[in-house]
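Readers should treat all values here as calculations from the given coordinates under stated rules, not as data from a laboratory. As the structure is a computational prediction, the values presented were derived from the model and not from experiment. When we count neighbours, we look across all protein chains shown, and the Cβ atoms used for this are built from the backbone with ideal geometry, even at glycine.
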C-alpha cells in the first residue's frame, strides 16, 4: 500500500513540473451521461473549490475523502479518466484539462475505492507576487515554523499545488515559476508536512 501512495505522489509531481511520463494505465475520454452537471459558481474561486475536495488515506478506517461524483458535481465532467492497478489496489485519476469558467487551470484528483487521496491544481500563467531571488530562497526556514500560509503571503498563489495523504499525514507540494530578466526560467519548490515546510529546492534563481 505504501508503494501505491508513493507512486501517486511521484505521478502528481511530474504533472506539477510540466513533465510527462508513460504509464501502463488505460485512458478513456469521459462522456457526459446527464446534461445537468453543476459548473463552478462564478462567485466561487478556483481555490475554494479545490480546498473543498476532502482527502483520505487508503486504509479502510481512513476512507472519508470526496467521491468522484462529489468532485464532478463541483467541477463538471472530467476530460479523462485514468485507471491503474498496483499491489492489488485499483486507483482512478480524473483530469480536467481546463476548468469551467477558469480555463487556465488544470485539475487532477486521484481516488482509491472512490475516495480522493490526492489532488493537484496547476496554472502555468500565474506569476509570483514579487520576483523570487536566491536571497529570498535562502531565507526560507525549514525548522517547523514556515507554513503554507507564510509561503502564499510571501510569493502569491503557486503555479502548482499537490496535496496527498500519506500514512495519516498531509503532504503538500507548492511550486512557483518565473521568467528572469535574461529570458531564462527559474523555479522554487516547497514541500510541507501537516502545513509545515520540510524541504525546499530551487532552479536557476539569481
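Some points to look at:
- Entry note, region 134-203: relative contact order of 31 percent, from Cα contacts under 8 Å with a spacing of 6+ residues.
- Simple label model, 7 Å out from Cα along Cβ direction - residue 124 to residue 199, nm: 2.4
- For a modelled paramagnetic label at residue 133, 7 Å from Cα along Cα-to-Cβ, no residue of region 183-203 is in reach, as no backbone nitrogen comes under 14 Å.
- Annotation: Cα Rg of region 134-203 relative to the compact-globule expectation 2.2 N^0.38 Å equals 1.13.
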